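Accompanying notes for the structure given below.
The values are calculated or read from the model by the stated rules, or taken from the named source; none is laboratory data. Model, not experiment: these values are computed from the prediction. Backbone-built Cβ (ideal geometry, glycine too); neighbour counts: all protein chains shown.
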Amino acid sequence: MKTGPARLAAGWAALLLAAPGIARASEQPKLIRPEQYEARIVAPKKGRVLVVHFWATWCEPCREELPELTAATGPAAGRDLAVVLVSLDTKRTAPADVTRFLAREKVGFASFLVKTHDPQLFFRAVDPSWEGKIPLTMIYGRDGRVASRLRGRQSRETFAAAIQTALAVPAVR
């Protein structure tokens, strides 16, 4: 039987794995249409800070920064912070490619795959000012509004600073 810090660490690990919105890396991404973005990704996380990371397996800066995102969110993930990945890979190859990549990198965040005939429709549903360039990370405050947009490749420090800023704003009751 584990005692002391080892027991506490095991308890936190179990809690994080069971937390809503955190998927195992071996799970295939769920398909999402433009009109579902708000209802399926943003609205269910209201009351928590939400990090939505838009990426693709074919995007080198996206692949390079995922470990940075994981490191920056790991300590805060759980009750106060949710992280969701949205892949812009093609529907034909993405489920296997995305699942394989996330498993290899040990990334266990909930994962979605954009399903649309016109990617521009999805970009507009997320943010009318978004032209579709990735990586893009949108951080939503507890109120469900965009707190920050991180465009292009980010470091662990820039992710952590933006997340901490959003976490510092108390929930409106």
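From the list Val84, Val98, Val51, Val42, the lone residue that is touching a residue at least 40 places away in the same chain (Cβ under 8 Å) and in contact with a Lys or Arg (Cβ under 9 Å, 6 or more places away or on another chain) is Val84. Residues that are at pLDDT 90 or above and assigned to a loop (DSSP other than H, G, I, E, B) within the stretch 1-57 comprise Arg33, Lys46, Gly47, Arg48, Ala56, Thr57, listed in sequence order. Scanning the stretch 61-93 for residues that are outside any loop (DSSP other than H, G, I, E, B) and basic (Lys, Arg) gives a single hit, Arg63.
Would it be correct to say that Val98 is farther than 20 Å from Leu150 by Cα and buried (at least 18 other Cβ atoms within 10 Å of the Cβ)? In short, yes. Scanning the stretch 44-91 for residues that are buried (at least 18 other Cβ atoms within 10 Å of the Cβ), more than 18 Å from Arg156 (Cα to Cα) and charged (D, E, K, R) gives Lys45, Arg48, Asp89.
Within the stretch 94-113, the set of residues being within 15 Å of Trp58 (Cα to Cα), in contact with a strand residue (DSSP E or B) (Cβ under 6 Å, 6 or more places away or on another chain) and either outside any helix (DSSP H, G or I) or not small (Gly, Ala, Ser) (or both) comprises Val98, Leu113.
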